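See below for the structure under consideration.
Just so it is clear, none of the values below were taken in a lab; they were calculated from the coordinates. In this text the structure is predicted, and so the values were computed from the model without any measurement. Counting neighbours? That spans all protein chains shown, and the Cβs are built from the backbone with ideal geometry, glycine included.
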Amino acid sequence: MTVDGAADLETLIQGSLEKFRDGLKRHAEPIGVVREFITHGPCVAISSEVHALLREAVAKHVNIHPNRDVYTVGSAKLGFSINPNHRYSYFGDESDVDVAIVSPELYGSLWREARTFVSSGGLWENDTLADFQENHFRGYVKPDQMPVSLLTPTAASLWELARGLHQRQAAGPYAVTFVVWHDMDALEAYQGAAVAACQESDRL
């Protein structure tokens with residue numbers, strides 16, 4: 001990104017953060033903030049044209065609807081992080097574009113592959129497996145936490161999709177990562193917890 005481009009992005013992020021913090025005050029409940037700023041509206045880090053094409057490419061690959069089932073989240077969406085460990089840190093050149101896929105069918109496929117892999121005696125690092133299990137409890141799967149195996153073709157397909165999107169700069173110069181959610185309630189609950197923490201922090 002050029003110096004001018006970086007300056008323009010920083011200005012966009014500053015404006016986005018100001019609106020977001022106003023929204024934290026306007027909305028009594030976190031879900032209102034989630035639906036106004038996270039699961040709706042433009043993506044700060046990439047243009048609306050690039051954002052639309054990215055969602056179309058993801059949706060086509062996994063046979064879902066781009067406007068109903070594919071969401072950009074994280075610092076690419078807002079321009080800054082709401083993760084409690086990095087709250088309000090700006091999206092930067094080394095950041096990823098995080099894409100949330102809401103699909104019970106795709107989620108089920110990944111879960112069945114994980115179960116088959118474990119039951120077959122496949123080797124899965126304990127720390128990564130523990131993270132996968134904890135995430136499953138919350139209603140999502142990160143394909144990049146799954147082993148690459150003939151028993152995990154869906155996960156491998158998403159790995160290849162992410163690699164291909166990065167190679168052809170479908171999200172500009174940024175890498176793309178995926179999280180697959182069982183349903184919208186799980187995605188909103190997860191994002192809502194981070195928003196609630198922001199609301200509490202801003203009240204202090």
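Calculated on C-alpha atoms, the gyration radius of segment 69-116 divided by its Kirkwood radius gives an Rg/Rh of 1.15. Once you sort the root eigenvalues of the Cα gyration tensor of segment 84-204 as a ≥ b ≥ c, which label holds: rounded (a/c under 1.5), prolate (a/b larger than b/c) or oblate (the other case)? Verdict is oblate for segment 84-204.
In this label model, Glu105 and Ser89 are separated by 3.8 nm, measuring between points 7 Å along each Cα→Cβ vector. Selection among Asn135, Asn63, Phe178 by position relative to the dipole of segment 59-204 gives Asn63 as farthest towards the positive end (Cβ unit charges, Cα centre). Once the Cα atoms are used to define both axes, helix 3-26 deviates from the longest principal axis of the chain by about 90 degrees. A Förster radius of 41 Å, combined with the Cβ-Cβ distance separating Arg112 from Arg26, puts the computed FRET efficiency at roughly 0.45. At a Förster radius of 22 Å, what calculated FRET efficiency corresponds to the Cβ-Cβ distance of Leu12 and Ser201, to the nearest 0.05? About 0.45, to the nearest 0.05. Rounded to the nearest 20, the Cβ-based charge dipole of segment 1-131 about its Cα centre (Lys and Arg +1, Asp and Glu -1) stands at 580 debye.
Projecting the Cα atoms of Gln14, Leu106, Ala156 onto the dipole axis of the chain, where Lys and Arg carry +1 and Asp and Glu carry -1 at the beta carbon, places Leu106 farthest toward the positive end.
The C-alpha atoms of the chain define a longest principal axis, and helix 104-119 lies at about 50 degrees to it.
A straight chain from Glu160 to Asp185 at 0.36 nm per residue would run longer than the Cα-Cα distance by 6.2 nm. D by Stokes-Einstein for segment 130-185, Kirkwood Rh over Cα pairs, 25 °C, 0.890 mPa s: 200 µm²/s.
Beta bridges from DSSP with both residues in the chain: antiparallel share about 45 percent, rounded to the nearest 5. Summed over qualifying helices (DSSP H, 4 residues or more, each -39500 (n - 2.57)) and divided by its residue number, the chain shows a 222 nm mean residue ellipticity of -18000 deg cm²/dmol.
Looking at the chain, the pairs of alpha carbons with a distance over 31 Å make up 20% of the total. Here segment 27-99 is treated with +1 on each Lys and Arg Cβ and -1 on each Asp and Glu Cβ, and its dipole about the Cα centre works out to around 200 debye. Helix 126-138 and the longest principal axis of the Cα set of the chain meet at an angle near 60°.
Kindly list the residues of segment 92-112 that lie in the label zone of Asp144, defined by a backbone N under 15 Å from the point 7 Å along the Cα-to-C-beta vector. Within reach of a label on Asp144, which here means backbone N under 15 Å from a point 7 Å along Cα→Cβ, segment 92-112 contributes 92-101. Dipole magnitude for segment 95-172: about 220 debye, using +1 per Lys or Arg Cβ and -1 per Asp or Glu Cβ, origin at the Cα centre.
3J(HN,Hα) couplings calculated from phi for segment 39-53 with the Karplus curve 6.51 cos²θ - 1.76 cosθ + 1.60 (θ = phi - 60°) are, in sequence order, 9, 8, x, x, 9, 5, 6, 10, 5, 4, 5, 5, 4, 5, 5 Hz; Gly and Pro show x.
With a sphere of radius 9 Å drawn around the Cβ of Gly74, what net charge do the other residues whose Cβ falls strictly inside it have (Lys, Arg +1; Asp, Glu -1)? Net charge in that neighbourhood comes out at -1.
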